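Here the structure comes first, spelled out in C-alpha cells, and everything after it is commentary.
The values are calculated or read from the model by the stated rules, or taken from the named source; none is laboratory data. Predicted, not measured: the structure shown is a model, and the values here were computed from it. Note that we place each Cβ from the backbone using ideal geometry, even for glycine, and neighbour counts take in every protein chain shown. Calculation scope for accessible area: heavy atoms of the full protein, side chains included, ligands and nucleic acids excluded. Shrake-Rupley method; radii C 1.70, N 1.55, O 1.52, S 1.80 Å.
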Amino acid sequence: MYLSRFCAAFAFSFFCFTGFSQPSGSAPTSGGYSLSVEVVNDNIGILIGALGVVDLTGFSCTRLYVDMANESDFLSSISGDSNVATYINTTTNFYHATLGAATPNGINSILFPVYPDLAYDSWVTIGLEGVPNAMAGEAAVSTVQSATNPWVTNFDPGGGLPGGNIVIDDLIGGAWYALNGDANGVAGDDLKVLAGQFTSSGELSGQLYCQIFPNGDGQQNVLYLFPFGGVDTPGCTDAAACNFNPDATSDDGSCDYSCYGCTDATACNYDATATLDDDSCTYAEAGYDCDGACLSDSDGDGICDEFEVDGCQDATACNYDAAATDDDGSCTYPATGYDCDGNCLSDTDGDGVCDEFEVGGCGDATACNYDAAATDDDGSCDYSCYGCTDAAACNYDATATLDDNSCTYAEAGYDCDGACLSDSDGDGICDEFEV
C-alpha cells in the first residue's frame, strides 16, 4: 500500500524504501550499505590554463561514494520527490568549469593539463569520472527533471557560471541514473560507486535517496536514504514505518509498524485497526466460512451443497459410484443368481443354467416320463410304456400306451398259434388251401 508514496513518473521504477540516517559528519550504515564522503582537495588554490587563471583558493573538492555490500551490487539511481527528497547543499555555491557539465559524460581527463580547473568541475554521476568506456561496458549517466523543478539547470547553468544547490523535492521528482548492467554502476573490488563530485568554498550537507540492486538483481532492489553533513534531525527514517519522518537525518529508534495488517474486511484475518495493508490477508476457501464450515449444507453431512455428487452409494449395486456423496435412488442390481454382467454366480456343470435354477428329470424326449422342463437328466427315464398297441396283433399288449412297431400277425387262414381257421375235412389243410 505504501509503495505508491515513493513512485515517480520516470522511465525507470522505484520500489520499496528503507531509510537510514547519520549523526552530523558521519555516514549511515545498514546491511553493508553506507555513504562515504571523501575530500579530494581541501584547498585547490590558483590554477592556470588555456582559458586563463582560475582562483580556487579556499575551495574544496569533495566526492560522495555509495559503499556496497557485494562486488556485484548495482547502484541504479539517485532520485527524489515530494515524499523523499534528495538534496546536496552548499553554504556558498558550486564551482563549474567552463568546459564542464552536470554529468562527467563528456569530460576527458586528457584535457586536464590544458584546462586544470576541469578536473574540479562539479557533477553528479553513477560511477563515471569521465567519458564512458563502451568497450568496458560503461554507459553515459542520464538525468531527468521536471519543468517546474529543473534541478539539473539550477545545479549547472552552463558557461562556467556558479551552480546552485541540488534540490529534488517536487511532486513529479527527478533523478540521475544508469541502466542495470552498465559497468559503471557495479560496485567492483573496492565496493564503491561514485555518486558525485562537488567543488565549493562552503560547507556541504544533504541526503541521497539511492536505489540499489543487490547482486545486480533488479527484482530485489532496495532503497536507502543517506544523509551527510549539516544538523542532525532525529526521527524515524524507515519509510516503511507508520511514523516515517522524511526530514529525519538520524534514526532515534521510534519507528512504529503497528499500523500494518490486513485491511480487507472480507478477509478472515481482517484487522480493523490496520491502516496499511501488509499482504497478510487470508481468505476462506470457496463454499466455506473462515472456520472451515460449509456456508450451505442442506443435508448436514459435512459436504457443502455445491460439492455434493448425486449417484448410487450402495457398493453392492451394479452402478455403484464411489464419488457419490448423495444417494439419488438410481442403484441397479443383478437378477438373483447372476452377476452384473449377466453371468451365473454358480454353474457347476457349465451348461449355462445357474445351479439354483437347474431342474432334475428325464431329459429323453422318447421316454415315457420325459420332462420338457428338466435341465439336468437324473437317470429316471422309463420306457415301459412301449409295446404293440394293435389288439388284432398276435402280441397285442393291453398295458402299452406307445406303439413300438413290434406287432406281429397270424398268416392268412391261420390263427396266432398256426392252426387253420377252417379245416372241414380235418386233414390239416385249411379249406382255402384245399385243391
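Odds and ends about this structure:
- Residue in the stretch 107-120 that is under 30 Å from Asp238 (Cβ atoms), out of contact with any Asp or Glu (no Cβ under 8 Å at 6 or more places or on another chain) and open to solvent by 40 Å² or more (accessible area, probe 1.4 Å) present: no
- Condition check for Asp278 on (1) out of contact with any Gly (no Cβ under 7 Å at 6 or more places or on another chain); (2) closer than 30 Å to Cys236 by Cβ; (3) not aliphatic (A, V, I, L, M): one failure, at (1).
- Against the list (1) over 28 Å from the mean Cα position of the chain (by Cα); (2) open to solvent by less than 40 Å² (accessible area, probe 1.4 Å), the condition Gly181 fails is (2).
- Listed conditions (1) open to solvent by 40 Å² or more (accessible area, probe 1.4 Å); (2) out of contact with any Ser or Thr (no Cβ under 6 Å at 6 or more places or on another chain) are all met by Leu171, apart from (2).
- Test result for Ala239, surrounded by 19 or more Cβ atoms within 10 Å (Cβ to Cβ) and not in a strand (DSSP E or B): yes
- Each residue in the stretch 65-75 was checked for being assigned to a strand (DSSP E or B) and acidic (Asp, Glu), and 1 pass.
- Considering the stretch 140-188, the qualifying strands (runs of 3 or more DSSP E), each wholly inside and each with 2 or more residues that are among the aliphatic types (A, V, I, L, M), run over 166-168.
- Every pair of residues 6+ apart whose Cβ atoms lie under 8 Å, when the first sits in the stretch 76-88 and is in a loop (DSSP other than H, G, I, E, B) while the second is basic (Lys, Arg): Asn83/Arg5
- In this entry, Tyr65 passes the filter for residues that are within 30 Å of Asn243 (Cα to Cα), open to solvent by less than 40 Å² (accessible area, probe 1.4 Å), in contact (Cβ under 8 Å) with a residue 40 or more places away in the chain and hydroxyl-bearing (Ser, Thr, Tyr).
- All of Asp341, Asp347, Asp377 fail the test of being within 60 Å of the chain's Cα centre (by Cα), charged (D, E, K, R) and open to solvent by 80 Å² or more (accessible area, probe 1.4 Å), apart from Asp341.
- Within the stretch 79-104, the residues that satisfy the criterion of being among the hydroxyl-bearing types (Ser, Thr, Tyr) and crowded, with 19+ Cβ neighbours inside 10 Å are Ser79, Thr86, Thr90, Tyr95, Thr103.
- Residue among Phe244, Phe198, Phe213 that is aromatic (Phe, Trp, Tyr), open to solvent by less than 40 Å² (accessible area, probe 1.4 Å) and within 30 Å of Ile46 (Cβ to Cβ): Phe198
- The residue pairs whose first member lies in the stretch 295-317 and is free of Cβ contacts under 8 Å to residues at least 40 places away in the same chain and outside any loop (DSSP other than H, G, I, E, B), whose second member is among the hydrophobic types (A, V, I, L, M, F, W, C) and surrounded by 13 or more Cβ atoms within 10 Å (Cβ to Cβ), and whose beta carbons are closer than 6 Å, counting only pairs six or more residues apart or on different chains, are Gly311/Ala324; Cys312/Cys331.
- Where Asp297 falls short, out of the listed (1) within 30 Å of Asp238 (Cα to Cα); (2) touching a Cys at 6+ places or on another chain (Cβ under 8 Å): (1)
- Looking across Asp425, Asp328, Asp390, one residue alone is over 30 Å from Ser298 (Cα atoms), out of contact with any helix residue (DSSP H, G or I) (no Cβ under 6 Å at 6 or more places or on another chain), among the acidic types (Asp, Glu) and surrounded by 12 or more Cβ atoms within 10 Å (Cβ to Cβ). It is Asp390.
- Count - residues of the stretch 386-435 that are of a type in the set (D, E, K, R), assigned to a loop (DSSP other than H, G, I, E, B) and over 26 Å from Ala365 (Cα atoms): 7
- The listed residue being at pLDDT 95 or above, under 26 Å from Cys210 (Cβ atoms) and of a type in the set (Ser, Thr, Tyr), out of Tyr120, Tyr115: Tyr120
- In the set (1) out of contact with any helix residue (DSSP H, G or I) (no Cβ under 8 Å at 6 or more places or on another chain); (2) at pLDDT below 95, Thr336 fails one condition alone, (1).
- Evaluation of Leu128 against the conditions (1) open to solvent by less than 10 Å² (accessible area, probe 1.4 Å); (2) in a strand (DSSP E or B) shows that the sole unmet condition is (2).
- Within the stretch 131-140, at least one residue is open to solvent by 30 Å² or more (accessible area, probe 1.4 Å) and charged (D, E, K, R).
- Taking first residues from the stretch 210-224 that are over 17 Å from Leu35 (Cα atoms) and partners that are part of a helix (DSSP H, G or I) and open to solvent by 20 Å² or more (accessible area, probe 1.4 Å), the Cβ contacts under 8 Å between residues at least 6 apart in sequence or on separate chains come to Gln220/Pro214; Asn221/Pro214.
- Test: residue in the stretch 350-357 that is farther than 30 Å from Gly387 by Cα and open to solvent by 70 Å² or more (accessible area, probe 1.4 Å): yes
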